[in-house]
Amino acid sequence: MIVDTHIHLDDKRYKDDLESVLNRAREGGVKRFIIPGADVSTLEYAVSIAEAHSDVFFAVGVHPYDKEQFDTLDFEKYVNHKKCVAIGECGLDYFRLEGSDEEKEAEKREQARVFVAQIQLARKHKKPLIVHIRDASRDSKALLLEHSAKDVGGVLHCFNADDELLSLADEGFYFGIGGVLTFKNAKKLVNVLAKIPQEKLIIETDGPYLTPTPHRGERNEPFYTTFVAKKMAELLELPLKNIKETTTKNALRLFHIS
Ligand SMILES: [Zn+2]
Ligand SMILES: [Zn+2]
């Protein structure tokens, strides 16, 4: 089986055919689904999906792009829900920084504040972190180390293939691998893959985004993690069965689900 550790099932692009999306995935061997928290406006919907399906779980958190929502989010209301398995996705994303240098610095400080607050909540509630990092490896790593994220660990979702983040494997972190692995221009990720300890590899769609080959350009969906698993098996020269078993074991261990 495969665990899709990062799938935005609460996205409007799944609204019309959610049940068939889930069933296609299940028939293809994808048996657990984790909805990361990102945009608070769809969190209630994410919870309702998890409540309606025994194989769907959710996380509570605020994406760096939606950081304004953090201060009004009633974390405690969600974090103790029996299907809440993690905090996030939270992190730093410098990809879209705009304005003057001062404005950029202010934006970075605010992202850091919201990220640190979520690391602290994760430690308080003993839940792993789903971490989103884009163009911000050094600062993200520094905050994770400084605020003892090791106590709970987590996943560097959509791992950006930065060598400098590999040492977080020793700090309780896993590496979320998705459709990017199948892209023609994914040389960096392909090269770094073998350096990730196998007991720290997990699979994700990040759907509806980052659709793997041969479906690029279409909406991504959990069934397509099967293409990611196949590519991983090919690159690591391991039987597909082993890849599925190992990544599933890893995901269940990290998120404390069975
Ligand atoms: Zn993300
Ligand atoms: Zn995401």
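The values are calculated or read from the model by the stated rules, or taken from the named source; none is laboratory data. Note that the structure is predicted; figures quoted are calculated from it, not measured. Ideal geometry is used to build each Cβ from the backbone, glycine not excepted, and the neighbour counts take in all protein chains shown. Quick note on the areas: whole protein, heavy atoms, side chains included, nothing else; ligands and nucleic acids left out. Shrake-Rupley method; radii C 1.70, N 1.55, O 1.52, S 1.80 Å.
Rounded to the nearest whole Å², what accessible area per residue is found for the chain with the 1.4 Å probe?
Accessible area per residue: 45 Å².
Taking a cut-off of 22 Å, what percent of all Cα-Cα pairs in segment 147-258 are separated by more than that?
28
Can you give the FRET efficiency to the nearest 0.05 for residue 95 and residue 216, using r as the Cβ-Cβ distance and R₀ = 22 Å?
0.65
Would you please calculate the Kirkwood hydrodynamic radius of segment 1-78 over all C-alpha pairs and express it in Å, rounded to one decimal?
Across segment 1-78, the inverse of the average 1/r is 13.0 Å.
If packing is taken as the mean number of other Cβ atoms within 10 Å per residue, what is the order of 180-190, 217-227, 56-66, highest first?
Most protected by this proxy first, the peptides run 56-66, 217-227, 180-190.
Take the solvent-accessible surface of the protein heavy atoms, probe 1.4 Å, and return the percent of it on the chain that carbon and sulfur atoms account for.
Here it works out to 49 percent.
Across the Cα atoms of segment 103-192, what radius of gyration and what greatest pairwise Cα-Cα distance (Dmax) are found, in Å?
When restricted to the Cα atoms of segment 103-192, Rg and Dmax are 13.7, 42 Å.
Can you report the principal axis dimensions of segment 135-175 using only the alpha carbons, biggest first, rounded to whole angstrom?
Cα extents, longest axis first: 23, 18, 14 Å.
State to the nearest 20 debye the size of the charge dipole of the chain about its Cα centre, where the only charges are +1 on K and R beta carbons and -1 on D and E beta carbons.
It comes to approximately 1020 debye.
Nearest 500 deg cm²/dmol is fine: what mean residue ellipticity at 222 nm does the chain get from its DSSP H runs of n ≥ 4 alone, each adding -39,500 (n - 2.57), divided by its residue count?
-11500 deg cm²/dmol
Starting from the Cα of residue 108, step 7 Å along the direction of its Cβ; do the same at residue 257; then give the gap between the two resulting points in nm.
It is 3.6 nm.
What is the sum of charges, Lys and Arg at +1 and Asp and Glu at -1, for the other residues whose Cβ falls under 13 Å from the Cβ of residue 167?
0
Taking the Cα centre of segment 1-44 as the origin and placing charges on Cβ (Lys, Arg +1; Asp, Glu -1), which of 30, 5, 20 is farthest toward the positive end of the dipole?
Ranked along the dipole, the leading option is 30.
Report the dimensions of segment 204-258 along its three principal axes from the alpha-carbon atoms, largest first, rounded to Å.
32, 27, 12
Whole angstrom only: what separates the Cα centroid of segment 1-26 from the Cα centroid of segment 80-159?
The two parts, judged by their Cα centres, are 25 Å apart.
Looking at segment 107-174, which trypsin sites (Lys or Arg not before Pro) are DSSP coil and have at most 13 other C-beta atoms within 10 Å of their C-beta?
126
So how much slack lies between residue 230 and residue 48, counting 0.36 nm per residue of separation and subtracting their Cα-Cα distance, in nm?
62.3 nm
What number, in nm² with one decimal, is the all-direction average of the projected area of the convex hull of the alpha-carbon atoms of the chain?
For the chain, the mean projected area of the Cα convex hull comes to 12.9 nm².
Kindly rank 163-174, 32-43 from highest to lowest mean number of other beta carbons found within 10 Å of each residue.
32-43, 163-174
Over segment 58-153, what lengths in whole Å, largest first, do the semi-axes of the equivalent ellipsoid take, defined as the square roots of 5 times the eigenvalues of the alpha-carbon gyration tensor?
Values for segment 58-153, descending: 23, 15, 10 Å.
Taking 0.36 nm per intervening residue step and subtracting the Cα-Cα distance, what contour gain separates residue 74 from residue 17 on full extension?
Result for the pair: 17.6 nm of gain on full extension.
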